[in-house]
Structures are given as structure tokens and as C-alpha cells.
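Pasting a structure below so you can have a look.
The values are calculated or read from the model by the stated rules, or taken from the named source; none is laboratory data. Because the structure is a prediction, the values reported are computed rather than measured. Positions of Cβ are backbone-derived with ideal geometry, glycine not excepted, and every protein chain shown enters the neighbour counts. Ligands, DNA and RNA are stripped out before the accessible areas are found, and what is left, the full protein with its side chains, is counted by its heavy atoms. Shrake-Rupley method; radii C 1.70, N 1.55, O 1.52, S 1.80 Å.
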Amino acid sequence: MITFRNLKTLSRKRATLSFPSQDARIIDASDFLMLPALIDGHVHFRIPGADHKEDWKTGALAALSGGVTCVVDMPNNHPPCHTLHHLHAKKKIIDQQLKQAAIPLRYQLYFGADPRHLKEIAQVEECIAGIKVFMGASTGELLISKDADLEKVFQLARIHDRIVAVHAEDEQILSERKKALGDCKDPAHHSLIRDRSAAISAVEKLIYLAHKHDAKVFILHISTKEEAHLIRQAKQKGMRVYAETTPHHLFLSDADYAAHGTYVQMNPPLRKVRDQEALFEAIDDGTIDTIGSDHAPHTREEKDQPFGKAPSGVPGIETVLPLLLNACTQGKLSLEKITRLTRRNIENIIPFPLHDDCVIVDLEKIQTVQNERLKTKCGWSPFSGMLLKGWPIYTILNKQVFEVERGQFLP
Ligand code: DOR
Ligand code: ZN
């Protein structure tokens, strides 16, 4: 039995917690705080088709190192997860890999909307977290660029009572701007090509459709002040519109291209400092429901290619909690808010079976984000070099204690 004694909880009470183990150990946890383990509603663990970037063993280790015990994985794989057959095949590989790794990570999968396979939604409804729509092209081949197809997705989502989770960037605006600016060699131009107008216009369309179909829509990785404003208005009207933002849109801006180049290139792209501030305000007033890491690893070799060839996406599952705890120690976010963003609200949007996983953190621990410490297969972070205060020490998954420093479960 492992016992944590004198552990602080969110209700400011002290608790003693015990978990089964071969050892008899008592840990003085008086400097530690227990929080609910995180649900990361937005990861790309790259199976099938790109296991040189990540697989479910390295992804699960990275998750536990970041205090995450539940993930929702995206369908932009090779082949994409857009048929019942592909969904089952993907699930089979994931279960094998998690079994081999002996990590019972909790997960759900999105079904990718593809114009040729929309009818399959009827067959998969029970087994999916929701339907993922790419309104603008990003990594992979999934795309719904025609309004008529988007309408169909909303109709099917309503019939089968599934949430529509959307990468909201307008494809027409993206392709027009790419034509006009496409030859640029500077990674900073990524934010000009994928201009804010593409995101704003897509969110306007989604809110219109959500209203028309009385549908549940989950707008992923919002990055601009205007998107937050539109979503705030929709919520005030009582619509079932939910919003996610990411750690990179909160803690990085377009000023970071100068130092990091393609290593901070992602879709939607980084915006202005004033957008970062607006996102924090939208967190504060409840417009933004949740923070998903959008963990989208690519190898260094891939990222080292020139702008135009380098893929978009950054890893993030291991750093989301330290970044949020650090913001808390700076007075920007309360612990209650962090818990709501990373567990309570996302649990309402994408329900997981009940569990009592938790993460034990040290709010005084100061450590730099170091690539060498990361468990993600890609081995780098866009936050590398940042000095953060507040780190996870143990993650409890299904009563098993994972020690972050050693990267393994206690026996
Ligand atoms: O930057 C991104 N990377 N945005 C996406 O929409 C996909 C992701 C990936 O899978 O690499
Ligand atoms: Zn994503």
C-alpha cells in the first residue's frame, strides 16, 4: 500500500489517500496538492500511419507525465478514421499498444467527416466521441469545404445525437490567400496566409448552422478575440456552442516566430498579444469551456524543412498542466478554473465513464521545460526553455500511481 499523508485538496482540507502496491510506503505529501486528473479533449497520437511521430505507448507516457488520464484522439490519420472499418482497425491497434505498454489510458475517438462516407455515421454512433470536421485543410486529407456537405453533417449529427467538433477555418479564404502569398519563405507569413478572417468567417457559419439545426457544436482551438466574441453572443442566446482554446494560443504569439520559426507553426496559427489577452478574458467569463493541448507531434527532421514544406502542429500534452499551474502562481487563473477547464467542463461536452483519477502537484516546484525530459516521441516542445512554477509529481490512473520523475508506475 502507498499512502499519501496530509495531502492538500481543492476544498483546502487535508486528506490521506492510499493505493494498492507491493510496497508499504508512506509519503509525506504536506507540500503537495491533489487535483482531478486532466481530460485532454484534443490529441493526435498518429495511429495508424505516422507512428514515427508518436504512438500510443509514447503518447500515453507523455499523457501521464502531464497529469492526463483521458484523451480524445483525432481522426486525421493515414488512412483517416472515416469509416466503421477504419474505426475498428484503429481501435484494435490502440488497444494492443496500450496493453503492451501496460498503461490503461482512458480514451475516445473522433470520427472524421468525409463527404464520401457521411452515411457511416449511422453505424458508428455508439462508439465515437463525436464527429470531427475540418472546414479548412490541415494535416491529412479530411476536409468538408462545401456548404451542402456541412449541412449534411449537421443533419446527421442531430439524428444520431453526436456533437460536431470543428476545425473552423474557411477553406476558400485559406486557398485564396495561399495563392496570393504562397511563395513566402518566412514562417511568420503562416499567420498572414491563415489570416484571422478565415477563422472568424468559419465560426460565423457554424453558429448559424448550430442555430438552424439546433445542434451541439464544439469549436476547437479558437485563437482570436473575434471568435471569442461571437461564441459569447451565441452562449448568451442559450445556444449549445462550446469552445476550446490551446496552450499555444494562450502562451505564445506571432512574436515567437522570430525565435522558433516552423517549430511554432500550427493551424490555426499564432495570433497577436491582444488575442492572448482576449482568450484569457473569455476563459474568465466562461466563454471558453476547455483547454485541449492539440498535441500534434512532428519530427525535428520534418520541422527543419523550409517554411512551405514543414508540417503544421506542435506537441503539448506534457506541458499544458505546468503552463496552467504557472499562470495560477502568477495570479492569472485560479485552481478551480484550471479544474473546470481541464476536467469538469470537458467531461460535460464529451462524457467519460465515471472515475476518480487524480494528479498530485507541487505548486512550488520550479523547473525549465527541457526537450530531454519529454516522453513524446518527437522529443521537442515549442515551450522548451520556459521556466515554470508548478509541476505534476504523481498521476493516479485507475488507482495505479505513476511517478512523473521516473516515468513509470510505482510497483
Ligand atoms: O497544426 C495542426 N496540426 N493543426 C491541425 O489541424 C492538425 C494538426 C496535425 O495533425 O498535425
Ligand atoms: Zn488538432
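Towards the positive end of the charge dipole of the chain, with charges on Cβ (+1 Lys, Arg; -1 Asp, Glu), say which of 20, 363, 279 has the farthest Cα.
Positive-most Cα among the choices belongs to 20.
Nearest 10 degrees, 0 to 90: what angle lies between the long axis of helix 56-65 and the longest principal axis of the chain (Cα atoms)?
It is inclined by approximately 60 degrees.
Using the Cα centre as the reference, give the magnitude of the dipole from point charges on the C-beta atoms of region 220-365 (Lys, Arg: +1; Asp, Glu: -1; all else neutral), rounded to the nearest 20 debye. Provide the component values of the computation, followed by the final result.
Details: 17 positive and 22 negative charges, 85 e Å.
Around 420 debye, computed over region 220-365.
Carbon-plus-sulfur fraction of the accessible area of region 42-127, 1.4 Å probe, in percent?
Details: 1700 of 3160 Å².
Heavy-atom surface of region 42-127 belonging to carbon and sulfur, 1.4 Å probe: 54 percent.
Summarise the long-distance tail of P(r) for region 30-69 by giving the % of C-alpha pairs beyond 11 Å.
The proportion of pairs with Cα distances above 11 Å equals 67 percent.
Here's something else I'd like to know. If the chain between residue 408 and residue 240 were fully stretched, how many nm would it gain, using 0.36 nm times the residue separation less the Cα-Cα distance? Let's see the in-between values first.
Working: separation 168, 0.36 × 168 = 60.48 nm, distance 3.99 nm.
Taking 0.36 nm per residue and subtracting the Cα distance, the gain is 56.5 nm.
Another question about this same structure. Starting from one equal scatterer on each C-alpha and no solvent at all, send me the Debye-based log10 I(q)/I(0) for the chain at q = 0.06, 0.07, 0.10 Å⁻¹, two decimals.
-0.22, -0.30, -0.64
Something else: Name the trypsin sites (Lys or Arg not before Pro) in region 145-243 that are in a loop by DSSP and that have at most 13 other C-beta atoms within 10 Å, would you?
Working: sites: 146, 152, 158, 162, 177, 178, 179, 185, 194, 196, 205, 212, 216, 225, 232, 235, 237, 240; in loops: 146, 162, 185, 194, 216, 237, 240.
Passing both the DSSP loop test and the Cβ count: 146, 185, 237.
Given bins 10 angstrom wide, list per bin the percent of all Cα-Cα distances in region 164-321, short to long.
11, 40, 35, 13, 1
Further, regarding this structure: Let me check against my output: what whole-number percent is the relative contact order of the chain, with C-alpha pairs under 8 Å and at least 6 apart? Kindly include the intermediate steps, with their values, before the conclusion.
Working: 887 pairs, mean separation 77.3, N = 411.
The normalised contact order for the chain reaches 19 percent.
Would you please name the trypsin sites (Lys or Arg not before Pro) within region 38-127 that are DSSP coil residues with at most 12 other C-beta atoms within 10 Å of their C-beta? Mind showing how you got there, number by number?
Numbers: sites: 46, 53, 57, 90, 91, 92, 99, 106, 116, 119; in loops: 46, 53, 116.
Qualifying residues, ordered by number: 116.
Another question, then. So in the chain, what percent of DSSP beta bridges are antiparallel if you round to the nearest 5?
Working: 23 of 53 bridges.
If we restrict to bridges inside the chain, about 45 percent are antiparallel.
Right, something else. Measuring with a 1.4 Å probe in the full set of protein chains, what accessible area per residue, in whole Å², belongs to the chain? Please report the intermediate quantities before stating the final value.
Numbers: 16670 Å² over 411 residues.
Accessible area per residue, the chain: 41 Å².
So what does residue 334 come to for accessible area, using a 1.4 Å probe and Å² rounded to 10?
Spelled out: residue 334, probe radius 1.4 Å, area about 50 Å².
Which number do you get for Rg(Cα) / (2.2 N^0.38 Å) in region 88-209?
Compactness ratio reported: 1.26.
Kindly list the residues of region 20-44 that lie in the label zone of residue 365, defined by a backbone N under 17 Å from the point 7 Å along the Cα-to-C-beta vector.
27-38
What is the angle, in °, between the Cα long axis of helix 147-159 and the longest principal axis of the Cα atoms in the chain? Nearest 10 is fine, range 0 to 90.
With both axes taken from Cα atoms, the answer is about 50 degrees.
Label 7 Å along Cα→Cβ of residue 354; region 311-346 residues with amide nitrogen under 20 Å?
340, 343-346
So how do 246, 58 rank on accessible area, 1.4 Å probe, biggest first, that is with the largest at the start?
Values: 246 0, 58 25 Å².
Most to least solvent-accessible, the answer reads 58, 246.
Taking all protein chains as present, what is the carbon and sulfur share of the accessible area of region 211-263, in % to the nearest whole number, probe 1.4 Å?
Numbers: 1010 of 2050 Å².
C and S fraction of accessible area: 49 percent.
Please get the size of the charge dipole for the chain, origin at its Cα centre, with Cβ charges of +1 on Lys and Arg and -1 on Asp and Glu, quoted in debye to the nearest 20. Before the final figure, lay out each step's value.
On the way: 53 positive and 52 negative charges, 113 e Å.
For this selection, approximately 540 debye.
Right, another one. Let's test this: bin the Cα-Cα distances of region 1-86 at 10 Å from zero up to the farthest pair and state each bin's percent.
Going out from 0 Å in 10 Å bins, region 1-86 shows 16, 30, 26, 17, 12, 0 percent.
Residue 200 accessible area, nearest 10 Å², 1.4 Å probe?
Solvent-accessible area, nearest 10 Å²: 30 Å².
Okay, next question. Quick one: dipole size for region 110-159, taken about the Cα centre, charges +1 on Lys/Arg Cβ and -1 on Asp/Glu Cβ, in debye to the nearest 20.
Numbers: 6 positive and 8 negative charges, 14 e Å.
Using only the charged Cβ atoms, the result is roughly 60 debye.
A further question follows. Over region 214-363, what is the mean sequence separation of C-alpha contacts under 8 Å (at least six apart), divided by residue count, expressed as relative contact order in percent?
On the way: 193 pairs, mean separation 33.5, N = 150.
Dividing the mean separation by the residue count of region 214-363 yields 22 percent.
Show 170, 304 ordered by accessible area, largest first, where the area counts protein heavy atoms only and the probe is 1.4 Å. Each step should come with its number before you reach the end.
Numbers: 170 20, 304 105 Å².
The most accessible residue leads, giving 304, 170.
Positive end of the charge dipole of the chain (Lys, Arg +1 and Asp, Glu -1 on Cβ, about the Cα centre): tell me which of 384, 248, 159 has its Cα farthest that way.
The listed residue farthest towards the positive side: 159.
With a 1.4 Å probe and every protein chain left in place, tell me how much accessible area residue 56 has, in Å² to the nearest 10.
0
Rg/Rh for region 322-411: what does it come to with C-alpha atoms and Rh from Kirkwood? Write out the running numbers ahead of the final one.
Working: Rg = 14.3 Å, Rh = 14.6 Å.
Value, to two decimals: 0.98.
Moving on to the next point. Summing -39500 (n - 2.57) over the DSSP H runs of n ≥ 4 in the chain and dividing by its residue number, what mean residue ellipticity at 222 nm do you reach, to the nearest 500 deg cm²/dmol? List each step's numbers first, then the result.
On the way: 15 runs with 135 residues, N = 411.
Per the formula, -9500 deg cm²/dmol.
If eta is 1.002 mPa s and T is 20 °C, what Stokes-Einstein diffusion coefficient results for region 272-349, Kirkwood Rh from Cα pairs, in µm²/s? Mind dumping the intermediate values first?
On the way: Rh = 14.3 Å.
Calculated translational D: 150 µm²/s.
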